[in-house]
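Heads up, the thing below is written out as structure tokens.
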Amino acid sequence: MVEKQHYFLPDSLSESPSSAAVSEAPLIQLRAVALTDFLDNEGLVLQLDDITLNQAKNHVWAESLQQQIHRGLRERINQQQQTLIVVGAQESAALSLSVEIDAFHGRHDGTAVTSGQWQLKNKQGELVALNRFSLDTELKQPGYPALVRALGQNLDKLAALIAKELKTLDLP
């Protein structure tokens with residue numbers, strides 16, 4: 001019998017900004033991350049060919065993937081920019097960031113894929129920015145640990161894309 005293996009997404013490798021540098025920055029609320037149905041489960045997902053997805057039974061997330069992505073994005077975006085402070089969904093802010101993930105899995109060719117869209121709205125609910133993303137990272141070796149690390153790298157890339165866009169916007 002095969003034992004279940006539990007995985008956490010890795011932390012970002014970036015340095016955290018000092019608290020003094022961000023203390024006066026405006027807040028942006030990161031709303032709950034929306035996952036497509038096949039990802040909102042316990043097992044890691046592999047795409048076996050162009051049309052077949054397989055959810056692992058013995059290689060599972062140690063906690064909700066939605067919570068891990070939410071926390072990881074919040075920390076990573078804050079590490080990559082100091083113009084705004086990204087806070088959790090329970091705190092109110094002048095801007096809200098929504099992220100929808102429709103791919104966050106491994107592919108048969110040894111690639112970790114992440115795709116979806118993110119949008120930024122102001123307090124009145126008006127759309128400030130809307131962007132799609134599609135990110136790939138080649139696995140450094142076969143296996144689920146390499147897949148989880150590559151998915152973490154995709155999260156790093158997504159946070160960098162969002163942080164870069166936030167720096168270009170004329171925000172309050």
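The values are calculated or read from the model by the stated rules, or taken from the named source; none is laboratory data. Predicted, not measured: the structure shown is a model, and the values here were computed from it. Glycine also receives a Cβ, built like all others from the backbone with ideal geometry; neighbour counts cover every protein chain displayed.
Inspection of the stretch 65-75 finds no residue satisfying the criterion of being surrounded by 15 or more Cβ atoms within 10 Å (Cβ to Cβ) and either part of a strand (DSSP E or B) or more than 12 Å from the chain's Cα centre (by Cα) (or both). With respect to the conditions (1) farther than 21 Å from L39 by Cα; (2) crowded, with 16+ Cβ neighbours inside 10 Å, S115 lacks only one, and its number is (1). When restricted to residues that are surrounded by fewer than 18 Cβ atoms within 10 Å (Cβ to Cβ) and either within 12 Å of V113 (Cβ to Cβ) or acidic (D, E) (or both), the stretch 148-171 contains 3.
Restricted to the stretch 112-131, and to residues there that are in contact with a strand residue (DSSP E or B) (Cβ under 9 Å, 6 or more places away or on another chain) and more than 13 Å from S98 (Cβ to Cβ), the residue that is modelled with the lowest pLDDT is K123.
Scanning the stretch 124-139 for residues that are assigned to a loop (DSSP other than H, G, I, E, B), surrounded by 13 or more Cβ atoms within 10 Å (Cβ to Cβ) and either touching a Pro at 6+ places or on another chain (Cβ under 6 Å) or not hydrophobic (A, V, I, L, M, F, W, C) (or both) gives no hits. The residues in the stretch 76-102 that are surrounded by fewer than 20 Cβ atoms within 10 Å (Cβ to Cβ), within 14 Å of the chain's Cα centre (by Cα) and part of a strand (DSSP E or B) can be counted, and the count is 3. Looking at the structure I just gave you, is A163 within 19 Å of V60 (Cα to Cα), of a type in the set (G, A, S) and touching a helix residue (DSSP H, G or I) at 6+ places or on another chain (Cβ under 8 Å)? For A163, the condition - within 19 Å of V60 (Cα to Cα), of a type in the set (G, A, S) and touching a helix residue (DSSP H, G or I) at 6+ places or on another chain (Cβ under 8 Å) - is not met.
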